[in-house]
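Enquirer: This structure is in structure tokens; I'll ask about it shortly.
The numbers here are math on the coordinates, done by the rules we state, and not lab data. Keep in mind the model is a prediction, meaning the values are calculated, not measured. Cβ coordinates were reconstructed from backbone atoms using ideal geometry, including for glycine residues, and neighbour counts include every protein chain displayed.
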Amino acid sequence: MWNDVRMVELLIMRHAKSDWGSPSLADFDRPLSRRGERAADTMTVWLDSHDLEPDRVVSSAALRARTTAECVVTHFAIDAASFEIREDLYLGSATTWFDAVREQTEPRVLICGHNPGFDDLVKYLSADSATRTADGKLMTTAAIAHFSFDCTWPDIVPDESSLVSLTRPAELDS
């Protein structure tokens, strides 16, 4: 177990675009669309190219979030013990995710989930306001917010963290 380092990093990754082609599917069971699969791959490569390999991945149990997280896990060959899927995080609020984050023990953790919880979590954590898209969105599908904290996970407090970057797939495609 890690606990010597006093700086931790959080990668908040919203699930990639889901497929709405089967209206009979429950929201929880919606898969990724082809566009979503490409975006998940694009963002995983972005993580790799910026030396942001997670030590641990925690995901909502919803299919679209799990599949997005699995793209990262597979790319980086993260072992099963470092990949957690949690039912309680499906459509979790910012405080639900915040509590889950504060339980972590590894230096760099990627969490994968949904809005509106992730929009709220980014605003909750950040000392600065994050840039929104032209249509007012913060955490678009497959976006990654990278936070750095000068403390250990249990010591994180709202409104005091440094948002290192907020990267969206559409920004990388242009």
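Enquirer: Can you tell me the length gained on complete extension of the stretch residue 48 to residue 88, counting 0.36 nm per residue apart and subtracting the Cα distance? Working shown, then result.
Expert: Numbers: separation 40, 0.36 × 40 = 14.40 nm, distance 2.85 nm.
Between residue 48 and residue 88, full extension yields 11.5 nm more.
Enquirer: Follow-up question, since we're still on this one. Charges only on Cβ, +1 for Lys and Arg, -1 for Asp and Glu: so what's the dipole of the chain about the Cα centre, in debye to the nearest 20? Working shown, then result.
Expert: Details: 17 positive and 29 negative charges, 131 e Å.
Its charge dipole is roughly 640 debye.
Enquirer: Among 112, 57, 22, whose Cα sits farthest toward the positive end of the charge dipole of segment 18-174 (+1 at Cβ of Lys/Arg, -1 at Cβ of Asp/Glu, about the Cα centre)?
Expert: It is 22.
Enquirer: Under a crude label model (7 Å from the Cα following the beta-carbon direction), how far is residue 124 from residue 160 in nanometres?
Expert: 1.7 nm
Enquirer: Given Cα pairs under 8 Å that are at least 6 residues apart, what percent is the relative contact order of the chain? Mind showing how you got there, number by number?
Expert: Values: 347 pairs, mean separation 55.4, N = 174.
RCO, the chain: 32 percent.
Enquirer: For a distance above 23 Å, tell me the whole-number percent of Cα pairs in the chain that qualify.
Expert: Values: 5123 of 15051 pairs.
Distances greater than 23 Å cover 34 percent of the Cα pairs.
Enquirer: Nearest 5 percent is fine: what portion of the DSSP beta bridges confined to the chain is antiparallel?
Expert: Numbers: 12 of 27 bridges.
Approximately 45 percent, going by the DSSP bridge assignments.
Enquirer: Considering the zone a paramagnetic label at residue 26 would reach in this model (a point 7 Å from Cα along the Cα-to-Cβ line), which residues of segment 58-93 have amide N under 16 Å from it?
Expert: Counting backbone N atoms under 16 Å from the label point, the list is 60-66, 86-92.
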